[in-house]
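Report on the structure given below.
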Amino acid sequence: MMIDIFELPVIDGHCHPFGPHGEVSVEAFTDLVSFPGGSLAYMVEAGLNEDDALRQELQRLRRNPVYFRHLVTQMAELLGCGPELEQVVAARNEAVRAGEGAYVRRLFGACGLVGLVPDMGYPQPPLDVAEFRRHVPASIAPVFRIEPLIVELVLARLDWPEFRQRFEEALSQALGRQGYCALKSVIAYRTGLDVSPDNRSEHRGRSAYDALLRRSPETLGPLLGPTQVAPDLKQLREFLLCRAMELCLEYGAPMQLHTGIGDHEINLGLCRPSLLMDLLRVPAFRACRVVLVHGGYPYQAEAGYMANVLPRVYCDVSEGVPFSGGAARRIYAEMLEMAPLHKVMYGSDGLAVPETYYVGAKLGKRALALALDDLVEGGLLSTAEAERAASMILAENARALYRLE
Ligand SMILES: [Zn+2]
């Protein structure tokens, strides 16, 4: 038995914007749709030559995860071509040649994708929201990421009052007249999720900032990159995250926090959602609606538990779905062990090209149907309850939280 959810509309609660790419080579397609690991630049920095052998090694790495094989099969089925990667890329290029807008509409239509909540902070430099709106046939509720702003302002070496003022003005404008629906932080990629709520005080923010500026300009730039843990920087990032959450409270907007795995820059030891407990349960932040983006994968049961005990905490399944391939069903199942049905959201972490959104939505629907079927067969939900839960998780929960039209 399989509950019938395949015609339901989908809102992608976490993804990234993309522009037209035109036709692409097989290698470029591989790089665009695969999980972002093993870039050429990363290995060239290790002193290796940028030659064919290295290129082939990295292409093999990207093409062999189960997710990638699944994407190729799914695209071949949709495009009605042979199952090899080369055949799929040729068929998609032919469709793009005939009209890229129509191709995007076809993919979105085939999986019922009607709304997106894109984190505009990746890729960098940022794509334009208005242009992205023109490129995709879906409602868009953009999210503003705080880290690029932090880098820009720290490197400007302003005095503290001006630094603080410019940070807050930028976030207020984003949530106000610029129409962003939420803020987002990737502090999990930087100094980790073990954020101390004590660092929300003005004094802590200021002393950390002053200490940071006493460093020489040459050491400051590299320090702001991935996974650098310097005590002053950690304290400053935590102060700024707290300020961002206070502004979310003021504007009634949700705060998205990256949790769980990411690309090679992630602070892997400090990405578990439970590390956020101290921050999220202080009275000052209990009222802030917080989304544990990626549901902390592979710690999704932990994220689901937090969505249960913390009244305003939510989670989504993005990134684990679709990039972990066969884990999709288990991710929903484990999240739904404790999470209330109105606090779990579908998401894909789709980026770069429309194929990742399409394959994500298809896999996201099938895995959800399987996970809910298990609950029906186990006598835990009725079929009607499971179908209702599916429409909430696939679209209604995100629509309400991010106020999508
Ligand atoms: Zn993302």
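Observations
- Percentage of interatomic Cα-Cα distances in segment 260-317 larger than 13 Å: 57
- Among the trypsin sites (Lys or Arg not before Pro) in segment 160-247, those placed in a DSSP loop whose Cβ has at most 15 other Cβ atoms within 10 Å are R177, R214, R215.
- Inter-centroid distance (Cα atoms) of segment 339-404 relative to segment 293-335, Å: 11
- Residue among I331, I146, I11 with the largest mean-square fluctuation in a Gaussian network model of the chain, springs linking Cα atoms under 10 Å: I146
- With contacts taken as Cα pairs under 8 Å at a separation of at least 6 residues, the chain carries a relative contact order of 22 percent.
- Comparing segment 157-279 with the 2.2 N^0.38 Å rule of thumb, its C-alpha radius of gyration ratio is 1.05 (two decimals).
- Helical segments meeting 24 Å axial Cα length and Kyte-Doolittle 0.0 threshold in the chain (DSSP H): 231-251, 354-377
- Computed over the alpha-carbon atoms, segment 67-164 gives an Rg to Rh ratio of 1.17, Rh here being the Kirkwood radius from the mean inverse distance.
- The chain - convex hull of alpha carbons, volume per residue in Å³: 136
- Loop-located GluC sites (Glu not before Pro) in segment 337-390 (DSSP state other than H, G, I, E, B) with a sparse environment of at most 16 neighbouring Cβ atoms within 10 Å: E337.
- Hydrodynamic radius of segment 1-154 per Kirkwood, over alpha carbon pairs, in Å: 17.8
- Sites matching GluC sites (Glu not before Pro) across segment 23-113 that sit in DSSP coil, with at most 16 neighbouring C-beta atoms within 10 Å: E23, E45, E50, E84
- Sequence-distant lysines (8 or more away, or on other chains) whose Cα lies within less than 21 Å of K365: K343
Read-outs: derived from the displayed coordinates by stated rules, not from any lab. Given the structure is predicted, the values throughout are model-derived calculations rather than measurements. FYI the Cβ positions are ideal-geometry reconstructions off the backbone, even for glycines, and counts take in every protein chain you see.
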